[in-house]
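No lab work stands behind these numbers, since they all come straight from the coordinates. As the structure is a computational prediction, the values presented were derived from the model and not from experiment. Reconstructed Cβ throughout: ideal geometry from the backbone, glycine too, with neighbour counts over all protein chains shown.
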Amino acid sequence: MAYEDSIYYKKPWLKSYEPGVPATIDYEEIAMPDILDRTAAKYPDKPALIFQGYSITYRRMKDMVDRFATCLTDFGVRQGDAVAILLPNTIPQVISYYATLRIGAITVLNNPLYSDRELEHQFNDSGSKVLVTLDLLGNRMIDLRPRTKVKQIVYTSIGDYPFEEPAIPAGGQKEEDGRRREAGARRLQVEGLHRQVQPQPAAAEDRLRGRGHVPVHGRHHGRVQGCMPTMPT
């Protein structure tokens, strides 16, 4: 179907707009990482993220993003590549999202509650080269990796952040970490990135052109699948 024949071109919803409501608005063309840079420069010591009482400032968030972006580049991720993020709402989830966008790669957010069959389809459908996940899901993802295009697994832990009570029991952790190391999975301890890499991510040529994010549908219409956001003009 030609774009001129699509509903996006005809814009029938404009007939429902109240008088005085503009058909379009003037919005700033800026990439998400650039907004983070600007905010970090303006409010460096303001809280950016608060997770279970643990807070990081915009200055630290930007530093973490830049360092993990460097990690992704070292893993071979380039502009236009897909990075699957299989994490709950945690600090590493936000860092991974912005770091992926920083180097012009595509973020593919996956639901940790999905089955292996659903995740296998999502990873292959998106062509994800790197998977960022939780340590609790690490062994499952190692078993799933041979059936996908994922080359590198990075795992993190909710327990990396100080809680009044331990978030994750310690039993069996050493054995599980040993298996992940044998499988080549890399540990992402966001707090320790400053000891591992420098905040020097590769610059993307044009982050405003092309896809930056592939949202994944739920199960309402059968098999879960990714979709491509559109911005009609």
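Points to keep in mind about this one:
- Principal semi-axes in Å for region 1-58 [√(5λ), Cα gyration tensor, largest first]: 40, 15, 14
- Spread of Cα-to-Cα distances over 10 Å intervals beginning at zero, given as percent, for region 93-140: 22, 58, 20, 0
- Kirkwood analysis of the Cα pair distances in region 12-132 returns a hydrodynamic radius of 16.5 Å.
- Signed unit charges on C-beta, dipole axis of region 1-143, positive-most listed residue LEU36, GLY80, GLN122: LEU36
- Contour excess over end-to-end distance, with Cα ends at TYR27 and TRP13 and 0.36 nm allotted per residue: 3.1 nm
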